[in-house]
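Below is one structure, written out as structure tokens; the observations come after it.
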Amino acid sequence: MSSMNPKAFMSTPRKVGGYRPVAERVTDFSEVELPLSGAELHRQAERCMNCGIPFCHGLGCPLGNLIPDFNTAVFRGDWKTAWELLSYTSPFPEFTSRVCPALCEGSCTSGLDYGSVAIRHIERKIVDTAYENDWVKPDVPERRSGKTVSIIGSGPSGLAAAVLLNRRGHRVTVYEKDHEPGGLLRYGIPAFKLSKKLIDRRIDIMKASGIDFVTDTEIGEDVSAEYLAKKRDLLLIAVGTPEARDLSVPGRELEQVHFALDFLKGENRVLMEELETVPVSAKGQHVLVIGGGDTGSDCVGTSLRQGAASVTQIEIMPEPPQERSRYNSWPQWPRILRTSSSHEEGCLRRWNLETIRFIEDNQKLCGVEVVPVSWSESSDGRLCGFDRIGKPEEIRADLVLLALGFLKTDRDKTLQRFHLTNSSNVFFAGDAANGPSLVVRAIADGMKISEQMASRLE
């Protein structure tokens with residue numbers, strides 16, 4: 001094995017895997033992203049500068065992944081060491097390597113001038129190699145503490161907390177109102193981004209490690225949360241942010257206007273054979289997605305696979321710049337225009353549009369009236385308000401999907417929702433604690449809260 005070229009980040013260009021051909025991938029829900037070959041990953045790992053201060057590890061990655069270290073191991077062909085380094089800090093790298101926006105790459109020093117290291121692709125290959133070689137084993141504790149924990153919600157934060165608490169020897173039971181564990185990972189993220197087989201595989205490992213799962217059980221309805229709080233030593237609420245942001249404009253009551261997550265969940269449930277047909281179908285419809293984030297992009301890809309006649313995505317915010325603005329310097333996350341695989345499949349994207357009303361014809365949605373807006377900025381580049389400009393226009397739409405994000409839930413309201421009168425042994429994690437955010441941040445918070453819970457149990 002040759003030694004690493006310390007200037008490889010200059011001589012070797014950044015490369016990522018790309019996607020399956022559009023004409024092929026829009027006909028199915030299989031994962032669209034293509035992995036890099038082993039030889040290509042070897043060259044990408046060599047591009048790591050092994051910085052004295054690795055911003056990718058500290059500022060970039062919420063999990064604190066040992067990125068320069070596993071990059072070096074990959075370059076040397078030592079995949080098992082790379083796996084040991086990755087799994088030391090990350091409980092679910094098979095998820096983050098597929099759905100994380102790669103915050104680490106945004107703060108990669110090489111990215112200043114030469115393109116960041118393809119860290120997420122390297123991570124994906126490490127974890128895929130680990131499973132192929134049967135290195136991923138159940139983590140059964142040597143002894144049990146006798147302490148018990150109930151976790152409400154089996155999304156990324158709840159699962160992460162379950163792994164770490166079980167590792168310390170505590171008995172963990174995870175409750176989920178849906179038919180299968182996984183939360184947003186399973187029901188919210190499309191299968192073309194994250195295969196549900198990967199979730200099944202990880203849940204099986206967690207079960208073999210001694211973690212119990214109770215599904216099809218809604219806490220507060222089927223089982224009292226107060227009962228769980230009394231029966232167990234500690235209770236963790238990790239139910240995400242269940243309340244979607246709505247759009248209170250005339251015509252909102254029309255039955256062709258739906259929340260994005262309801263639409264995405266319906267398709268995922270059909271693919272998992274929980275339903276025979278989707279509750280909301282885009283087939284033959286002119287679809288308007290309101291909201292320009294990742295969830296909106298997921299609606300675009302799902303609509304196209306269902307056979308939509310057309311898909312338009314609008315956003316009230318301005319179009320992001322192609323490059324960092326002077327207010328968005330490295331190593332901050334680059335707030336730039338991003339084009340997803342779904343956008344490439346056929347979608348008209350528009351910005352600076354405010355939705356005024358939903359238009360009906362004979363009590364059915366036929367269009368959406370929007371108006372252009374112009375944003376003003378503060379002295380430090382922050383958007384601080386908008387004014388309507390120009391004339392309203394109508395966008396044809398038979399189906400509207402609202403992808404406006406979710407509302408942060410007040411902890412006291414959550415306690416009231418579960419009818420909990422005593423919160424002394426109740427903890428919160430993930431989006432339920434901090435508001436809507438990324439999967440990787442939910443995992444990191446679940447791990448952090450599990451340490452607090454473990455301290456309480458000592």
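The values are calculated or read from the model by the stated rules, or taken from the named source; none is laboratory data. Here the structure is a predicted model, which means the values were calculated and not measured. Please note: Cβ atoms are built from the backbone with ideal geometry, for glycine as well, and neighbour counts cover all protein chains shown. What goes into the accessible areas is simple: the full protein's heavy atoms, side chains included, and nothing from ligands, DNA or RNA. Shrake-Rupley method; radii C 1.70, N 1.55, O 1.52, S 1.80 Å.
For the subset of segment 69-80 comprising residues that are open to solvent by 20 Å² or more (accessible area, probe 1.4 Å) and farther than 15 Å from Asp128 by Cα, which member is farthest from the chain's Cα centre (by Cα)? Even if it seems obvious, please write down each step before you answer.
At the first step, the residues of segment 69-80 found to be open to solvent by 20 Å² or more (accessible area, probe 1.4 Å) are 69, 72, 76-80.
Keeping just the survivors that are farther than 15 Å from Asp128 by Cα gives 69, 72, 76.
Numbers: Asp69: 25, Thr72: 27, Arg76: 31 Å.
Residue satisfying both the conditions and the ranking: Arg76.
Give the number of residues within segment 175-195 that are in contact with a Leu (Cβ under 7 Å, 6 or more places away or on another chain) and either without any contact (Cβ under 8 Å) to a residue 60 or more places away in the chain or assigned to a helix (DSSP H, G or I) (or both).
The total comes to 1.
Tell me, which residue of segment 260-275 that is within 16 Å of Phe192 (Cβ to Cβ) and in contact with a strand residue (DSSP E or B) (Cβ under 7 Å, 6 or more places away or on another chain) is surrounded by the most Cβ atoms within 10 Å (Cβ to Cβ)?
Filtering segment 260-275 for residues that are within 16 Å of Phe192 (Cβ to Cβ) and in contact with a strand residue (DSSP E or B) (Cβ under 7 Å, 6 or more places away or on another chain), the one surrounded by the most Cβ atoms within 10 Å (Cβ to Cβ) comes out as Phe263.
Give all pairs with beta carbons closer than 8 Å in which a residue from segment 216-235 that is more than 15 Å from Gly153 (Cα to Cα) meets a residue that is open to solvent by 40 Å² or more (accessible area, probe 1.4 Å) and assigned to a loop (DSSP other than H, G, I, E, B); count only pairs at least 6 apart in sequence or on separate chains.
Glu226/His419; Glu226/Thr421; Glu226/Asn422; Asp233/Lys147
Please indicate, with yes or no, whether at least one residue in segment 361-368 is among the polar types (S, T, N, Q), without any contact (Cβ under 8 Å) to a residue 24 or more places away in the chain, part of a loop (DSSP other than H, G, I, E, B) and on the phi > 0 side of the Ramachandran plot.
Our first condition is that a residue be among the polar types (S, T, N, Q); within segment 361-368, this holds for 362-363.
Those left that are additionally without any contact (Cβ under 8 Å) to a residue 24 or more places away in the chain: 362.
Next, only the ones that are part of a loop (DSSP other than H, G, I, E, B) stay: 362.
Add one more test, that the residue is on the phi > 0 side of the Ramachandran plot, and what stays is 362.
Yes, because at least one residue in segment 361-368 is among the polar types (S, T, N, Q), without any contact (Cβ under 8 Å) to a residue 24 or more places away in the chain, part of a loop (DSSP other than H, G, I, E, B) and on the phi > 0 side of the Ramachandran plot.
Can you give me the ranges of the helices (runs of 4 or more DSSP H) entirely in segment 1-49 with at least 2 residues that are within 23 Å of the chain's Cα centre (by Cα) and surrounded by fewer than 13 Cβ atoms within 10 Å (Cβ to Cβ)?
Details: elements: 8-11, 22-25, 38-46.
No helices (runs of 4 or more DSSP H) qualify here.
Does segment 276-298 hold any residues that are surrounded by 17 or more Cβ atoms within 10 Å (Cβ to Cβ), in a loop (DSSP other than H, G, I, E, B) and among the β-branched types (Val, Ile, Thr), and which are they?
Val278, Val280, listed by residue number.
Name the residue that is most open to solvent (accessible area, probe 1.4 Å), counting only residues in segment 50-68 that are more than 19 Å from Asn5 (Cβ to Cβ) and assigned to a loop (DSSP other than H, G, I, E, B).
Among them, the one singled out is Ile53.
Being more than 21 Å from Gly293 (Cα to Cα) and either part of a helix (DSSP H, G or I) or out of contact with any helix residue (DSSP H, G or I) (no Cβ under 8 Å at 6 or more places or on another chain) (or both) is the filter here; which residues of segment 257-275 pass it?
Here is the first cut: in segment 257-275, the ones more than 21 Å from Gly293 (Cα to Cα) are 269-275.
Selection gives Arg269, Val270, Leu271, Glu273, Glu274.
Please work out which one of (1) surrounded by fewer than 24 Cβ atoms within 10 Å (Cβ to Cβ); (2) in contact with a helix residue (DSSP H, G or I) (Cβ under 6 Å, 6 or more places away or on another chain); (3) over 12 Å from Phe70 (Cα atoms) is the condition Trp83 fails and give its number.
With (1) surrounded by fewer than 24 Cβ atoms within 10 Å (Cβ to Cβ); (2) in contact with a helix residue (DSSP H, G or I) (Cβ under 6 Å, 6 or more places away or on another chain); (3) over 12 Å from Phe70 (Cα atoms) applied to Trp83, the lone miss is (3).
Go through segment 33-73 and give me each residue that's among the small types (Gly, Ala, Ser) and either free of Cβ contacts under 8 Å to residues at least 60 places away in the same chain or under 17 Å from Leu85 (Cβ atoms) (or both). Steps first, answer last, please.
Taking segment 33-73 and keeping what is among the small types (Gly, Ala, Ser), we get 37-39, 45, 52, 58, 60, 64, 73.
Across segment 33-73, the qualifying residues are Ser37, Ala39, Ala45, Gly52, Gly58, Gly60, Gly64, Ala73.
Just for helices (runs of 4 or more DSSP H) wholly inside segment 69-153: which have at least 2 residues that are at pLDDT below 95? Break it down stepwise before answering.
Values: elements: 79-89, 93-99, 103-106, 119-132.
Result: empty, no element qualifies.
Looking at segment 164-200, which of the residues that are hydrophobic (A, V, I, L, M, F, W, C) and open to solvent by 10 Å² or more (accessible area, probe 1.4 Å) is nearest to Ser87 (Cα to Cα)?
Leu164
Which of the residues that make up segment 221-239 are part of a loop (DSSP other than H, G, I, E, B), touching a Leu at 6+ places or on another chain (Cβ under 9 Å) and either at pLDDT below 95 or farther than 23 Å from Gly435 by Cβ (or both)? Reasoning before the result, please.
Taking segment 221-239 first, the residues part of a loop (DSSP other than H, G, I, E, B) are 221-222, 224, 232-233, 238-239.
Among the residues that remain, those that are also touching a Leu at 6+ places or on another chain (Cβ under 9 Å) are: 233, 238.
Asp233 - this is the single residue of segment 221-239 that is part of a loop (DSSP other than H, G, I, E, B), touching a Leu at 6+ places or on another chain (Cβ under 9 Å) and either at pLDDT below 95 or farther than 23 Å from Gly435 by Cβ (or both).
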